[in-house]
Amino acid sequence: MAAKGKTAPTVKVQQGSPLTKWFTRAVVLLVFLATCSWLDTIKDRWYVFNPKSLHELAQAAIAAAPSPDDTTFMVQYIAANLTATYPSSQIALNPNTSEWVISNAGGAMGAMYIIHASITEYLIIFGTPLGTEGHTGLHTADDYFNILMGEQWAFAPPNLEMERYPAGSVHHLPRGYMKQYKMHEGCFALEYARGWIPLMLPFGLADVLSSTLDYVSFYHTARITGREIIKNLLIGKI
């Protein structure tokens, strides 16, 4: 028992120097960046879809449709073809063609049906019968916009002429590039992105948080995307 009137000795904890802390942080950051750089060089081994095959599928859906504006038929045609082509052990697809959700991104508004979502790929059908306009976003993935119905216009300076993409064509936006685009008087497209998909999500959800406050669509977008990514991870699809 300690004698009365005496206090226990104070134990001093030796703190690391600020230089040591910053050196440790720099090492962790360098390791993280090196890992990301290495993963970027091998991400193509996880790709399942092929841009050329998807373009041919989009063209086949247009050719088979009873009329040029029968988007419902084209969506069902594409979903049926994909589920018949790709085994469920290789890639998880969403066959529910009625599962559409409102999408606001880059100032443009439409609806999307998420066919596939994983860490390195997504495949959706996006569009609107009303027309819309906005910013493509600056992404870490290549984006292939296969026009099914209507027409898409695009613009990217210093080229001051309008780019025009009619039904049956594909608009390729390489990663690291951005444009202004317009889906003139209604347009639907089969959109395929390959790269680091989670890094694209803030662009797709920012308008909800900053302007529309459409938390219902936010919830369903997050729910469906998360569900599909998890389904793919469970079968080893990155």
Problem set entry | Verdict on Phe73 being open to solvent by less than 70 Å² (accessible area, probe 1.4 Å) and out of contact with any Ser or Thr (no Cβ under 8 Å at 6 or more places or on another chain) | yes
Exercise. Looking only at the range 102-123, which residues are of a type outside the set (Ser, Thr, Tyr), in contact with a Phe, Trp or Tyr (Cβ under 8 Å, 6 or more places away or on another chain) and part of a strand (DSSP E or B)?
Worked result: Ala105, Ala108, Gly110, Ala111, Met112, Ile114, His116, Glu121, Leu123
Exercise. Restricting the search to the range 180-238, which residues are within 16 Å of Thr132 (Cβ to Cβ), assigned to a helix (DSSP H, G or I) and open to solvent by 40 Å² or more (accessible area, probe 1.4 Å)?
Worked result: Phe203, Ser211, Thr212
For this session: Considering only the range 178-203, state which residues are more than 27 Å from Ala61 (Cα to Cα) and at pLDDT below 95.
Result: Trp196, Pro198, Leu199, Met200, Leu201, Pro202, Phe203
Exercise. Mind checking which pairs have a first residue in the range 142-169 that is closer than 30 Å to Lys43 by Cα and a second that is assigned to a strand (DSSP E or B) and β-branched (Val, Ile, Thr), Cβ under 6 Å, 6 or more apart or different chains?
Worked result: Tyr144/Val170; Asn146/Val170; Tyr165/Ile147; Ser169/Ile147
Seminar exercise, completed: Filtering the range 99-124 down to residues that are within 20 Å of Val48 (Cβ to Cβ) and more than 12 Å from the chain's Cα centre (by Cα) yields Tyr113
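Looking at the structure I just gave you, is Gly150 touching a Phe, Trp or Tyr at 6+ places or on another chain (Cβ under 7 Å), assigned by the TED database to the domain that holds Ala108 and among the small types (Gly, Ala, Ser)?
Details: touching a Phe, Trp or Tyr at 6+ places or on another chain (Cβ under 7 Å): yes; assigned by the TED database to the domain that holds Ala108: yes; among the small types (Gly, Ala, Ser): yes.
Against the criterion (touching a Phe, Trp or Tyr at 6+ places or on another chain (Cβ under 7 Å), assigned by the TED database to the domain that holds Ala108 and among the small types (Gly, Ala, Ser)), Gly150 qualifies.
What about Ala84, is it outside the structural domain of Lys43 (by the TED database) and in a helix (DSSP H, G or I)?
Working: outside the structural domain of Lys43 (by the TED database): yes; in a helix (DSSP H, G or I): yes.
For Ala84, the condition - outside the structural domain of Lys43 (by the TED database) and in a helix (DSSP H, G or I) - is met.
The values are calculated or read from the model by the stated rules, or taken from the named source; none is laboratory data. Keep in mind that what you see is a predicted model, and the values were worked out from it rather than measured. FYI the Cβ positions are ideal-geometry reconstructions off the backbone, even for glycines, and counts take in every protein chain you see. Ligands, DNA and RNA are stripped out before the accessible areas are found, and what is left, the full protein with its side chains, is counted by its heavy atoms. Shrake-Rupley method; radii C 1.70, N 1.55, O 1.52, S 1.80 Å.
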